[in-house]
Amino acid sequence: MMNIVPKEISYAPAAYRMLRGCFCLYKPPKKGFKKTRLALTQKVSDELNAMECRSPRERIEIIGDLDSDLNVEIRSNLADHPLVSGPRYDPKQIALMFTNNPGWYASGVMVGFIGSDAYKGAGFKRYNLPKLYEIKGEFGLASLNYRDDGKVRMKSSYKHIQEIFYERILSKIEAAQRSLMFKVANVNIQSEDAYQMAVKGHVRPATKETMPLITAIKPITFEPPNFSFQVQCQNENEHFLAELVNEIGIALKSCARCTGIRLIQYGPFTIEQALLQKHWTLENLIENIHECQRILNEYEKQFQK
């Protein structure tokens, strides 16, 4: 990636003005939305405060006695000094909006908008773009919350499960969800409109108020008791995805629990653009904004067609 951050920039306001646009992060697993947001804004504000900040504002003072000559002097406003007013940049004052939340348990791509473009996050969210997940599961155990961090409530045998049965169940889930998608979109599955929508890949719910929908699902690995698959869906949450693993186990006359959820693509953004937490620095973030903004502009042109 080419370096678009000038090395000579050491003035905080100039760097802050470059924090404007779309960016992409990789959220670690088992970390909440608020802590993820705070970790980013805290890192950015700390680096900005470590740079050269603006000088305290000036104020006009009238010096002297009314009975004698009065002098007008310009002095620094001590009330605006960082030792009095605090650091110039506060994490709470950084304009930031994330358009998705993978959940506490899950990890993966988070798309955000920062600075004066933070309001554009609402428009991107309204696109209601599909998300691609990589799900890992384990046969033979079931828990209360369908995940491996929950209390085990059931154990069962999984020796009878074969890969062909596993793939068949995933195909049945995809077929059932495909007909449901057209129903949610209020389109007759036997009509020409349904065919054209399927060809163009535009079969999606118009809003986020509908139920979770699976648009595609395919197996990745099958190494009992462990297995994994990819699922593309909309309006989902991590509970729905973990419960899906449980339902796969039941359909195969066994039980299963989720051992990992990773969001690997959200709209045009993939884990290739997502910054790992160790790379959440001011320089990397500005470069990421430059790259993601280019991807977003190209995608919006295609999306509007």
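Which members of the range 30-45 meet the condition of being part of a loop (DSSP other than H, G, I, E, B) and surrounded by 15 or more Cβ atoms within 10 Å (Cβ to Cβ)? LYS31 - this is the single residue of the range 30-45 that is part of a loop (DSSP other than H, G, I, E, B) and surrounded by 15 or more Cβ atoms within 10 Å (Cβ to Cβ). The set of residues from the range 126-153 being free of Cβ contacts under 8 Å to residues at least 24 places away in the same chain and not aliphatic (A, V, I, L, M) comprises ARG126, LYS151, ARG153. Among residues of the range 212-239 that are closer than 13 Å to ALA256 by Cα and at pLDDT 95 or above, those with a Cβ under 6 angstrom from a residue that is among the hydroxyl-bearing types (Ser, Thr, Tyr) and in a loop (DSSP other than H, G, I, E, B), sequence gap 6+ or separate chain, pair up as PRO224/TYR158; PRO225/TYR158. Of the residues making up the range 131-149, those that are buried (at least 20 other Cβ atoms within 10 Å of the Cβ) and either among the aromatic types (Phe, Trp, Tyr) or touching a Ser or Thr at 6+ places or on another chain (Cβ under 7 Å) (or both) are TYR133, ILE135, GLY137, GLU138, PHE139, TYR146. Within the range 280-294, can one find any residue that is in a strand (DSSP E or B), at pLDDT 95 or above and in contact with a helix residue (DSSP H, G or I) (Cβ under 6 Å, 6 or more places away or on another chain)? No: the range 280-294 contains no residue that is in a strand (DSSP E or B), at pLDDT 95 or above and in contact with a helix residue (DSSP H, G or I) (Cβ under 6 Å, 6 or more places away or on another chain).
Report, by residue number, each residue of the range 104-119 that is more than 20 Å from GLN265 (Cβ to Cβ) and touching a strand residue (DSSP E or B) at 6+ places or on another chain (Cβ under 6 Å).
Kept after step one, since they are more than 20 Å from GLN265 (Cβ to Cβ), are these residues of the range 104-119: 104, 114-119.
Within the range 104-119, ILE114, ASP117, ALA118 qualify.
With respect to the conditions (1) under 28 Å from the mean Cα position of the chain (by Cα); (2) not small (Gly, Ala, Ser); (3) not in a helix (DSSP H, G or I), ARG153 falls short on a single one, namely (1). In the range 250-268, the residues that are under 13 Å from TYR26 (Cα atoms) form Cβ pairs under 6 Å with partners that are modelled with pLDDT of 95 or more and of a type in the set (Phe, Trp, Tyr), at six or more places apart or across chains, as follows: LEU263/TYR133. Where strands (runs of 3 or more DSSP E) sit wholly within the range 52-140, those with at least 1 residues that are modelled with pLDDT of 95 or more and in contact with a Gly (Cβ under 9 Å, 6 or more places away or on another chain) occupy 96-98, 107-114, 131-139. Please go through the range 241-254 and pick out each residue that is within 20 Å of TRP104 (Cα to Cα) and buried (at least 17 other Cβ atoms within 10 Å of the Cβ). Scanning the range 241-254 gives LEU241, ALA242, LEU244, VAL245, ASN246. Against the numbered list (1) among the basic types (Lys, Arg); (2) crowded, with 21+ Cβ neighbours inside 10 Å; (3) within 20 Å of ARG20 (Cα to Cα), ARG257 comes up short only at (3).
The values are calculated or read from the model by the stated rules, or taken from the named source; none is laboratory data. Just so it is clear, the structure is predicted and the values come from calculations on it, not from any experiment. Methodologically, a virtual Cβ is constructed for each residue, glycine included, from the backbone with ideal geometry; neighbour enumeration extends over all protein chains shown.
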